[in-house]
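Data block below; observations after.
Quick note: the coordinates plus some simple rules give every number you see, no bench work behind them. A quick note: this is a predicted structure, and the numbers were derived from the prediction, not measured. Please note: Cβ atoms are built from the backbone with ideal geometry, for glycine as well, and neighbour counts cover all protein chains shown.
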Amino acid sequence: MSNTATAAEAVPHLVQRRSLYIVFASTSGHTEYVVDALIASLKSITPGWEIKETAAERTQPEDLLSGDVLVLASATWNTGGIEGQLNPHMWALLHDKAKALDLAGKPCACIGLGDHRYFYTARAADHLQHYVKAHHGRLIVPTLKIIDEPYGQEEAVRDWGKQLVDASKPADRC
């Protein structure tokens, strides 16, 4: 009987194991810093999670379907004629390579960085959200917006990470 109890106790731990796939675009290092801070906090909150990260320029469209939850992260750039655009690497991934991808209800979350001096502050977040919705993904938490330097904003990243964990828990099945 103790073997049965031990096996039953192990089941909830196995059911809660989740995988997170993070795709980010970073050239100055700010977005990568936020992603690293998120990963560090998630590892302390949910040590059983499998977390993978990759730069947008090394990502293939099918990679966006990896994991239980997808996180897209990009800073806001002022390219393409008007301000408020995605990092060029993220733009190339989402609008060229993965333009026909169907996320098929996949749980997703977005992180956008920006500078308060621009009219379209952190507009990359809007572009990421639009991509997720237009490609049938499901946003499970409000988008994290980091304004100005990310250094010193680790607590906001940690709090958002907790929301992400809570929102990505699978529904209990009877």
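Taking the Kirkwood radius as the inverse of the mean 1/r across Cα pairs, report the Rg/Rh of the range 18-167.
Values: Rg = 14.1 Å, Rh = 15.1 Å.
Result for the range 18-167 is an Rg/Rh of 0.93.
Between residue 60 and residue 99, what is the spin-label point distance in nm, taking each point 7 Å from the Cα along the Cα→C-beta axis?
For the pair residue 60/residue 99, the computed spacing is 2.1 nm.
Using DSSP to define loop residues, name the trypsin sites (Lys or Arg not before Pro) in the range 12-71 whose beta-carbon has at most 13 other beta-carbon atoms within 10 Å.
Values: sites: 17, 18, 43, 52, 58; in loops: 17, 18.
Hits after loop and neighbour filter: 17.
Roughly what would the spin-label model give for residue 139 and residue 158, points 7 Å off Cα along C-beta, in nm?
Placing both labels 7 Å beyond Cα along the Cβ direction yields 2.6 nm.
If you average 1/r over every pair of different alpha-carbon atoms in the range 122-174 and take one over that average, what Kirkwood value in Å do you get?
Working: mean 1/r = 0.0776 Å⁻¹.
Result for the range 122-174 stands at 12.9 Å.
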